[in-house]
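A short worksheet on the structure shown next.
Rule-based calculations on the coordinates, nothing more; no lab input. Predicted model, so just to flag it, every value in this text is computed and none were measured. Every residue, glycine as well, gets a Cβ built from its backbone with ideal geometry; the counts of neighbours run over all protein chains shown.
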Amino acid sequence: MISDIVNVIFCLGNCVLLVNLRRMRLEKCWFCSSTVYPGHGIQFVRNDAKIFHFCRSKCHKNFKMKRNPRKVKWTKAYRRLHGKDMTQDSTFEFERKRNRPERYDRNLAENTLKAIKKIDKIRSDRASDHIKNRLKTGKVQRQKEARKQLELGIHLVKAPLALAQDSSLCLPKIKVNVSQAQTEENQPMEE
Amino acid sequence: MRTVLKVVDNSGAKKVMCIQALKGKKGARLGDTIIASVKEAMPNGKVKKGKVVYGVVVLAAMQRGRCDGSEVKFDDNAVVLVDKQGQPIGTRVFGPVPHELRQKKHVKILTLAEHIA
């Protein structure tokens, strides 16, 4: 977001190279949408001059396989498309790409760094809330099923004596059909 | 050696074959100059088939490390024909070029380029 003019001195083999004005930008991986930090990943430039950034070889290999990230379950593109992750939020406005470099101002830089932390926290809280709400209906369903299962299988949990004493905890009567042929087959096995 | 490269300028040649890399023991990389022999050329071009020319590699499928630690790679191998002094023979350059050329002082190619990657 903020651009600093960085003087970087690199040693390449024997010669020393002075490189000025190399701005650092955090890119987004084209495939999985995670941030690509400097020193990581590969940039692929297609002949039509479109640049693809990849955070790691996993994403790069998937790209070479011509997979569509919108169909690959673990990518952000898929998650956003299928409503698994939060899509619309005001905190996303802060992350839009700006091509105009800002003049360095110490106060501005300090405030921005503080703001980045705060916005990050707010965004992640909202995102986790989104997921929690999404999973709420499933949780209720699972609890209902668990309750039913407990009722049916209470004999696995409580001792038979307790069952006999307390008539409310009785087994529901289930009819099981046993064929004659089955019982005859079982006997040789038991011996 | 023997690598066939595409020519991305309008000098007349279409394909050249590398016969010598001018710098580097392991071969020329992105931004290096090579000596090449023209294998395929347009009928009315400045450069004819069989001519020995110099070229600057502007697209390389092999990744080249950048100063910030990232790596760039292009779709195929391509070259811009230059003369001995490093001035391009053609008047137009097609496709993207890397900004490694600025370091190698091929400023003319950069000015002619459509897109700098």
Using unit Cβ charges (K, R positive; D, E negative) and no other charged atoms, how large, in debye to the nearest 20, is the dipole of the protein assembly as shown about its Cα centre? 1300 debye
For segment B:7-94, which trypsin sites (Lys or Arg not before Pro) are both in a DSSP coil and crowded by at most 14 other Cβ atoms within 10 Å? B:23, B:25, B:26, B:48, B:84, B:92
Out of A:149, A:113, A:135, whose Cα points farthest toward the positive end of the dipole of segment A:107-154 (charges: +1 Lys, Arg; -1 Asp, Glu; placed on Cβ)? A:149
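With +1 assigned to the C-beta of every Lys and Arg and -1 to the C-beta of every Asp and Glu, and no other charges, what is the dipole magnitude of segment A:107-154 about the Cα centre in debye, to the nearest 20?
Here the size comes out at about 120 debye.
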Distribution output for the protein assembly as shown: share of Cα-Cα pairs per 10 Å bin in percent, first bin at 0, values 5, 17, 20, 16, 12, 9, 6, 6, 6, 3, 0
What does the charge dipole of segment A:26-87 about its Cα centre add up to, to the nearest 20 debye, if the Cβ of each Lys and Arg holds +1 and the Cβ of each Asp and Glu holds -1? 380 debye
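Within 10 Å of each Cβ in peptide B:66-76, how many partner chain Cβ atoms are there on average? Round it to a whole number, please.
Shielding by partners across B:66-76 averages 6.
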Environment charge of residue B:112, counting only residues whose C-beta is closer than 10 Å and scoring Lys/Arg +1, Asp/Glu -1: 0
Residue A:126 versus residue A:106: modelled label distance in nm, points set 7 Å from Cα along the beta carbon direction: 3.3 nm
Give the calculated FRET efficiency between residue A:150 and residue A:72 to the nearest 0.05, with a Förster radius of 45 Å applied to their Cβ-Cβ distance. 0.70
